[in-house]
Amino acid sequence: MFVIFFTIFIVLMFVVPIILIILVITKGLKSRNNHELKTEKEQMIQKVQGMVKNLSPWNNRELSEIINHLNYISSRIIFSKLKGYLMTFNNEHIIAFQRIEKVSGSDVQIVAQSTDFRIFYQLKNFEISIEYNDSYIGKIVNFKHILNSNGEIIALLDRIDPAFRFEFISNGNLIPFGNQKEQRSYELHFPSGKKVVLNKSFNKKPFEKNPFYKPRGFKASHQKVPVLSREKYQAYSIINEPIRLDSEEHKWAMILAIYECIYYSYDFI
């Protein structure tokens, strides 16, 4: 009898974790329906609204005050979640946000709120649908065209957005590929002829997995450490050139700068 119970215990000890892992992966890969996305959006808005009390007043801040400096917490199980604040150079909290996406990287939803406005982003199938103060105002397609709520093109972008970020070895050291050849800024062009230059943000996590790590066997120096520490970074403005924009142009430049910070400053991978 003891042998039977012991055998069952051993089997369950190995089988149950495997089943749970399979369920998590399956749920993470399954597309969410519109009802699930809407429910998640409503929950995100409630959570972010509770964070607004910690914000400094927006008071028509300059676009140059939007920098890639985040105070955040993150988690990654079935869904990847990032919650926190965009901060200024003086460490003021000016935007509260939450970002949720599937482990597969699809079905991304972001809520960003200041004391004056709220922006909702939904990234799906290479399109970013955008609501401003709960009203749909347009979308960004392939990060090349901005369309208004009537489907008319109102601005152009030239952001190169690689699907993967590679790294290579130079003299035994890991070198971020993006620091060598990747596009560092991109331009937003309006029909008025005005141009806004946006500085791209990059992954600001203090550590990352070592893609060359080998747990067993012969290991070179760069293969011995499973996790790598990143160098400390200096935050910078996404838009640092002052330019006269009308209210709609200013709104879209701000929407892009905030998205750049929240989406590109932290990589779940």
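The values are calculated or read from the model by the stated rules, or taken from the named source; none is laboratory data. Keep in mind that what you see is a predicted model, and the values were worked out from it rather than measured. Cβ sites come from the backbone with ideal geometry, for glycine too, and all protein chains shown count toward neighbours. Heads up: the accessible areas ignore ligands, DNA and RNA and are worked out on the full protein's heavy atoms, side chains in. Shrake-Rupley method; radii C 1.70, N 1.55, O 1.52, S 1.80 Å.
Can you give the relative contact order of the stretch 50-161 as a percent, counting alpha carbon pairs under 8 Å and 6+ residues apart?
15 percent
Which whole-percent values make up P(r) of the stretch 50-145 when all C-alpha to C-alpha distances are grouped in 10 Å steps starting at zero?
Reading the bins upward from 0: 15, 42, 36, 7.
Summing Lys, Arg as +1 and Asp, Glu as -1, what charge do residues with Cβ under 12 Å from the Cβ of residue 253 carry, residue 253 excluded?
That works out to -3.
Could you compute the net charge surrounding residue 188? Neighbours are other residues with a C-beta less than 13 Å from the C-beta of residue 188; K and R count +1, D and E count -1.
That sum, taken over residues with Cβ under 13 Å, equals 0.
Subtract the Cα-Cα distance of residue 144 and residue 246 from 0.36 nm times their separation in residues, and report this length gain in nm to one decimal.
Computed gain between residue 144 and residue 246 is 34.6 nm.
May I ask you to compute the full-extension gain from residue 153 to residue 108, defined as 0.36 nm times their residue separation minus their alpha-carbon distance, rounded to one decimal in nm?
This chain segment gains 13.9 nm when fully extended.
Can you work out the accessible area per residue across the stretch 28-142, with the rest of the protein chains kept in place, probe 1.4 Å, in square angstrom?
Result: 49 Å² per residue.
Could you tell me the calculated FRET efficiency between residue 35 and residue 59, based on Cβ-Cβ distance and R0 = 41 angstrom, to the nearest 0.05?
Working from the Cβ atoms, E equals 0.60.
How far is it, in nm, from the label point at residue 75 to the one at residue 269 when both lie 7 Å from their Cα along the line to the Cβ?
2.5 nm
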